[in-house]
Amino acid sequence: MRRVCTTLLAVAALVAGCNQPFEPVGPTDRKLVLYGIMNAVSDTQYVRVESTFGTSAGPAVTDASVTLQGNGATVTFRDTTVLWRDTLGHPVLTNVYVAYHASLVPGALYSLRASTPAGFSASSAFTAMHAPTIALQSFSTPGYFVLNTVYNENSGAAAVHFYLDYYVLQGDAWNLRTEEVPVFLNVGANDSVSSSVMPLTPVPTLVAAGTQMLIDSTLFQQARSRVLKRYAPAPVVYLDIRFTQTQIDQALYDYYFVSNGPVDLLTIRLDVPDYTNVSGGYGVCGARAERDLIFPLDR
């Protein structure tokens, strides 16, 4: 199978779930493709159902029966459309299946299944995650934000992102905007300095490194300055700072890793291998969990 599909976590952003272009391509025998990232801390779940057919992506599947079974209960999804943004930030209507009042029980095994009146079916299984925890040690180290992070599942991968939320007056309307703040300062050759966000990192690596994460506060001050310069002379009102800790399970991380790396000067890669944990079809299904830590700003 050859697949034209952006990866899960632009995510970081994953991390919104299913808002990436999804164009599976497979053999001439048509199969279903499931794309589900089950949110461990939400009671609303989304699943995308597509198909493969010939040398181009098949049409969206809107007549499937989609169910999630686990912890002694069965939840039925319904077909709908949602407005999400693509990788360029453009709003796009997307066909999805949604289930409300579908909270997951951490540690429970779940089975996702989709079938169509034409006789196509596909399924996948995953274990619901325990949510990670994040806390801020106020002023414990001058000049730094000090975060305590705990991962209750020692598998998969995780990332911490730092955001500045603010309002800017554009025309006659106050518009809500978000600026991502880098969390790392990198010193390169000739003492050059650059900043970066946190990549998806295997959880065992994070656990081995300890629970504390230090973020230089000058990165936050630089983000504030960028916002003011971008919109000057329009007034800007800072709303809050937000730390988002996202963890994905091993299946989602395997999918991400197979699609993205490693790529370096010593790697020869002549193809893009496929990863799937879906039986009877293609795609990926797994669990994620996310925590937000929000601090309001005075101005």
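Does Gly143 satisfy being farther than 17 Å from Gly281 by Cβ and in contact with a helix residue (DSSP H, G or I) (Cβ under 8 Å, 6 or more places away or on another chain)? First the steps, then the outcome.
Values: farther than 17 Å from Gly281 by Cβ: yes; in contact with a helix residue (DSSP H, G or I) (Cβ under 8 Å, 6 or more places away or on another chain): yes.
So Gly143 passes the test.
On the basis of being under 18 Å from His161 (Cβ atoms) and either modelled with pLDDT under 90 or in a loop (DSSP other than H, G, I, E, B) (or both), does Ser259 make the cut? Step through it out loud before you land on a result.
Working: under 18 Å from His161 (Cβ atoms): no; either modelled with pLDDT under 90 or in a loop (DSSP other than H, G, I, E, B) (or both): yes.
Taking the combined requirement at face value, the residue does not satisfy it.
Could you list, in sequence order, the residues of the stretch 91-114 that are free of Cβ contacts under 8 Å to residues at least 60 places away in the same chain and either closer than 19 Å to Ala60 by Cβ or outside the structural domain of Arg291 (by TED's automatic domain parsing) (or both)? So that I can check it myself, show each step before the final result.
Just the residues of the stretch 91-114 that are free of Cβ contacts under 8 Å to residues at least 60 places away in the same chain, to begin with: 91-93, 95, 97-102, 105, 107-109, 111, 113.
Once the filter is applied, which keeps residues that are free of Cβ contacts under 8 Å to residues at least 60 places away in the same chain and either closer than 19 Å to Ala60 by Cβ or outside the structural domain of Arg291 (by TED's automatic domain parsing) (or both), the stretch 91-114 yields Pro91, Val92, Leu93, Asn95, Tyr97, Val98, Ala99, Arg113.
Return a yes/no flag: does the stretch 106-127 have any residue that is within 19 Å of the chain's Cα centre (by Cα), exposed (fewer than 15 other Cβ atoms within 10 Å of the Cβ) and of a type in the set (Ser, Thr, Tyr).
Scanning the stretch 106-127 turns up no residue that is within 19 Å of the chain's Cα centre (by Cα), exposed (fewer than 15 other Cβ atoms within 10 Å of the Cβ) and of a type in the set (Ser, Thr, Tyr).
Being more than 20 Å from the chain's Cα centre (by Cα) and either surrounded by 15 or more Cβ atoms within 10 Å (Cβ to Cβ) or not assigned by TED's automatic domain parsing to the domain that holds Leu185 (or both) is the filter here, so list the residues in the stretch 137-157 that pass it.
First pass over the stretch 137-157, keeping only residues more than 20 Å from the chain's Cα centre (by Cα): 137-148.
Residues satisfying the conditions are Tyr144, Phe145, Val146, Leu147.
The values are calculated or read from the model by the stated rules, or taken from the named source; none is laboratory data. Treat the numbers as computed from the prediction; the structure is a model and nothing was measured. All Cβ positions, glycine included, derive from the backbone under ideal geometry; neighbour counts span all protein chains shown.
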